[in-house]
């Protein structure tokens, strides 16, 4: 079975990116969001992303127009009934995801593949809720999806070889490089990245260096494109906290325990770049460190 029609549930930062990448690759894409307001925000996000791609000569205006024609939107889960592949990109809450997939399981034909873009939750915990665990897997994309080349393909003990093969073909058609990951919290990237980010916050707490120098040291000393504190702001401090909590609940290892400073930043509503304030203030041309 070849995937032709793709459904994306959620049109936030990740969902809109996945929808854009699929539409640009030639797929018929239907995006579901809970309200027209959120659909409008998602459309705007996709339009801005495509404009940047045109400016960077990564796509033409004609290609943009064709991609836009392949995108449609709905607030109804029932309209996803004809999709060959449905990718979930909603809030990082297991019960919300399970409820969504149970509803989809009762609507979609047997051939439909279900995939979650979760960054930290176990895929098995979602697949166990449906009657097609063999057609269920994880497809974890990275932000910004149209630019980042990696996709973690996560199979459970129940995922069929046929489903994995179709998912790998889909990833390749999107121009992505796929890596196979075990179904464990954090998969590959977050399993290694989260302790690095959290330890940077701990070093900031203990006064090892200023946040500017911590970030500068890792950029200039290790060749990273962005320092660890800046990465947390880019990911979202609230998202980083939630992922850390999930990983700590899973492994009970100190390296995954969220530092108190991160909790305080989140409690103050400083969620990072997406709101203009996190560890840094992004209201000006150059990020400025905020008091911690």
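For residue 75 paired with residue 222, estimate the spin-label separation in nm (one decimal), with each label point 7 Å from Cα along the Cα-to-Cβ line.
So the label points at residue 75 and residue 222 sit 4.5 nm apart.
With a ≥ b ≥ c the root eigenvalues of the C-alpha gyration tensor of segment 1-54, is it rounded (a/c under 1.5), prolate (a/b larger than b/c) or oblate?
Taking the square roots of the gyration eigenvalues as a ≥ b ≥ c, segment 1-54 is oblate.
Report the residue, chosen from 145, 90, 235, that carries the largest GNM mean-square fluctuation when the chain is represented by alpha-carbon nodes joined by springs under 10 Å.
For the chain, modelled as a Gaussian network with Cα springs under 10 Å, the answer is 235.
Going by C-beta contacts inside 10 Å, put 233, 65 in order with the fewest on the left.
65, 233
Can you tell me the orientation of helix 211-222 relative to the chain, as the angle in degrees between its alpha-carbon axis and the longest Cα principal axis, to the nearest 10?
Result, in degrees: 70.
Among 204, 220, 66, whose mean-square fluctuation peaks in a Gaussian network model of the chain (Cα, cutoff 10 Å)?
Checking each option, the largest mean-square fluctuation is seen for 220.
I'd like the distance between the alpha-carbon centres of segment 169-211 and segment 218-292, rounded to an integer number of Å.
Spelled out, the Cα-based centre of one part sits 12 Å from the other.
Which of 277, 135, 83 moves the most in a Gaussian network model of the chain with Cα springs under 10 Å?
Per the Cα network of the chain with a 10 Å cutoff, 277 tops the list.
For each of 8, 29, 91, 3, count neighbouring Cβ atoms within 10 Å of the residue's Cβ, then give the residues from fewest to most.
In order of increasing Cβ crowding within 10 Å: 91, 3, 29, 8.
Measure nothing but the geometry: give the 0 to 90° angle between the long axis through the Cα atoms of 36-55 and the longest principal axis through the Cα atoms of the chain, rounded to 10°.
80 degrees
What is the calculated FRET efficiency for residue 263 to residue 283, with r their C-beta to C-beta distance and R₀ = 25 Å, to the nearest 0.05?
0.60
Neighbouring Cβ atoms within 10 Å as the yardstick, rank 280, 224 fewest first.
Ordered from fewest to most neighbouring Cβ atoms within 10 Å, 280, 224 come out as 224, 280.
So what is the relative contact order for segment 5-182, in percent, with contacts set as C-alpha pairs under 8 Å and at least six apart?
Dividing the mean separation by the residue count of segment 5-182 yields 21 percent.
Subtract the Cα-Cα distance of residue 48 and residue 169 from 0.36 nm times their separation in residues, and report this length gain in nm to one decimal.
Computed gain between residue 48 and residue 169 is 40.8 nm.
Classify segment 190-289 from the C-alpha gyration tensor, please: rounded if a/c falls under 1.5, else prolate or oblate depending on whether a/b exceeds b/c.
oblate
Rg and Dmax in Å for segment 1-91, alpha carbons only: what are they?
Over segment 1-91's Cα set, Rg and Dmax evaluate to 12.5, 38 Å.
Any idea what log10 I(q)/I(0) is at q = 0.15 Å⁻¹ for segment 143-230, Debye with uniform C-alpha scatterers and no solvent?
The Debye formula, applied to the Cα set alone, gives -0.72.
Let a ≥ b ≥ c be the square roots of the eigenvalues of the Cα gyration tensor of segment 184-228; is it rounded (a/c under 1.5), or, if not, prolate (a/b larger than b/c) or oblate?
Because a/c hits 1.5 or more and a/b fails to exceed b/c, segment 184-228 counts as oblate.
How tilted is helix 189-205 with respect to the longest principal axis of the chain? Cα atoms for both, answer in degrees (0 to 90, nearest 10).
20 degrees
For a Förster distance of 41 Å, can you work out the FRET efficiency between the beta-carbons of residue 212 and residue 37, rounded to the nearest 0.05?
My answer for the efficiency is 0.65.
FYI, it's all coordinate maths here, none of it is from the lab. Predicted, not measured: the structure shown is a model, and the values here were computed from it. Methodologically, a virtual Cβ is constructed for each residue, glycine included, from the backbone with ideal geometry; neighbour enumeration extends over all protein chains shown.
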